[in-house]
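Novice: Got a structure for you, written out below as structure tokens; questions coming shortly.
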Amino acid sequence: MPSQPPRTVVISGGTDGMGRATALERLSRGDHVTVIGSSDAKGRALLDHAANPNLRFLRADLSSIAETERVIARIGEEHESVDALALFANRVNPKRRETEDGLEATFALYYLSRYLLSHGLRPLLDAGTDPVIVNVAGVGNTAGRIHWEDPQLTRGYGQVRAQLQAGRANDLLGVWFAEQAASKARYVLYHPGFTRSGVDGHPNPVVRRALGLLAKAFARPVADSVRPIVEWIDRPPAEPLSAIDRGTPVGSSLKTLDPGAAARLAAYTEKVLSGRTT
């Protein structure tokens with residue numbers, strides 16, 4: 001029997017890896033879970049595997065602003081409140097790719113969709129019971145930066161460069177949300193470390209095989225990495241913002257959590273959303 005009433009949980013990138021494991025664990029506790037993913041086939045596979053009427057799958061390309069806003073509206077039609085939002089959606093792009101909005105795809109999916117979901121679902125989170133947002137990225141890692149002179153990486157694109165920039169952007173998203181949103185939702189930035197999750201999804205077969213071998217030798221099991229997320233959904237931290245790097249709290253003085261940079265990125269993001277990026 002569950003120790004508390006069922007919670008309403010929304011998970012982006014929930015058909016694979018850690019997102020999928022979180023969804024299944026929360027379903028086992030009696031929660032109502034909505035999973036957002038881009039693949040109908042993976043969504044159907046998850047529905048068939050779970051065989052649980054409390055699971056809802058929404059297909060959406062979260063690299064699209066319109067698609068992400070459609071999902072937010074749909075969730076609002078189906079729920080009066082949300083208790084937890086877990087953000088996992090990400091994809092490695094070996095070559096620079098632009099979305100239908102003209103944005104660099106890693107920036108759009110890994111960062112911008114999380115910005116939209118965090119702020120767009122805020123009214124439902126504020127109506128929830130002890131709400132929490134968990135943003136799974138790379139907090140604590142100080143490599144990479146926001147390329148203010150060229151945030152869309154139109155020059156010198158590299159997949160690692162794009163991933164690191166989006167990771168740092170998510171750090172700043174957590175800072176900005178906690179300081180400015182005036183929401184009762186607690187925001188958790190979480191770096192699980194190298195996990196056996198998503199290593200088979202890299203488009204390059206050589207890299208995919210190498211990652212698979214490394215994962216077998218060094219990566220944490222998915223169940224270990226999602227355990228804190230599952231528990232935060234039941235018992236969120238008390239602070240408006242928590243940053244956890246592989247089980248260790250990260251101090252707010254870390255340079256990648258700078259409030260000034262967070263405000264600058266939020267202003268740039270609003271320009272992107274309004275169609276004014278210059």
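Read-outs throughout are calculated quantities, based only on the coordinates presented, and are distinct from any laboratory measurement. Remember, predicted model here, so these are calculated numbers, not experimental data. FYI the Cβ positions are ideal-geometry reconstructions off the backbone, even for glycines, and counts take in every protein chain you see.
Novice: Tally Lys and Arg at +1 and Asp and Glu at -1 over the other residues with C-beta under 13 Å from the C-beta of L47: what net charge comes out?
Specialist: Summing Lys/Arg as +1 and Asp/Glu as -1 gives +3.
Novice: Along the range 157-163, what does the Karplus equation 6.51 cos²θ - 1.76 cosθ + 1.60 (θ = phi - 60°) give for ³J(HN,Hα), rounded to whole Hz, x for Gly and Pro?
Specialist: Ordered by residue, 3J(HN,Hα) equals 5, x, 5, 5, 4, 5, 5 Hz.
Novice: For the chain, what does the convex hull of the Cα positions come to per residue, in cubic angstrom? List each step's numbers first, then the result.
Specialist: Values: hull volume 35.7 nm³, N = 278.
Per residue, the Cα convex hull of the chain comes to 128 Å³.
Novice: With a cap of 10 neighbouring Cβ atoms within 10 Å, and only residues DSSP puts in a loop, list the trypsin sites (Lys or Arg not before Pro) found in the range 74-121. Each step should come with its number before you reach the end.
Specialist: On the way: sites: R74, R91, K95, R96, R97, R114; in loops: R91, K95, R96, R97.
Here the sparse-neighbourhood loop sites are K95.
Novice: If you don't mind, there's one more thing I want to ask. Under 5 Å between amide hydrogens, which residues at least 5 positions from V188 or on another chain qualify, with H placed 1.01 Å from N in the peptide plane?
Specialist: When sequence neighbours closer than 5 places are left aside, the close amide H contacts are I133, V134, N135, S242.
Novice: Moving to a separate point now. Which ordering of D31, D130 is given by a fewest-first count of other beta-carbon atoms within 10 Å?
Specialist: Placing the least packed residue first, the sequence is D130, D31.
Novice: Then there's this: Could you check what % of the DSSP bridge pairs in the chain are antiparallel, to the nearest 5?
Specialist: Roughly 10 percent of the DSSP beta bridges within the chain come out antiparallel.
Novice: Further, regarding this structure: Order these by the 10 Å Cβ neighbour count, fewest first: E77, E179, E100.
Specialist: E77, E100, E179
Novice: Here's a follow-up. Amide H neighbours of R56 under 5 Å, counting only residues 5+ apart in sequence or on other chains, H built in-plane at 1.01 Å?
Specialist: Here V33, T34, V35 satisfy the definition.
Novice: Further, regarding this structure: Could you derive backbone 3J(HN,Hα) for the range 179-194 from the dihedral phi with the Karplus parameters 6.51, -1.76 and 1.60 (θ = phi - 60°), listing whole Hz in sequence and x where the residue is Gly or Pro?
Specialist: The phi angles translate into 8, 10, 6, 6, 9, 7, 6, 7, 10, 10, 8, 9, 10, x, x, 5 Hz.
Novice: Then there is this: Could you list which residues have their amide H under 5 Å from that of A127, counting only those 5 or more apart in sequence or on another chain, with H placed in the peptide plane?
Specialist: V82
Novice: In straight Cα distance, which aspartates and glutamates are under 16 Å from K42, not counting same-chain residues fewer than 8 positions off?
Specialist: Once the sequence-local aspartates and glutamates are set aside, what remains near K42 is D16, D61, D200.
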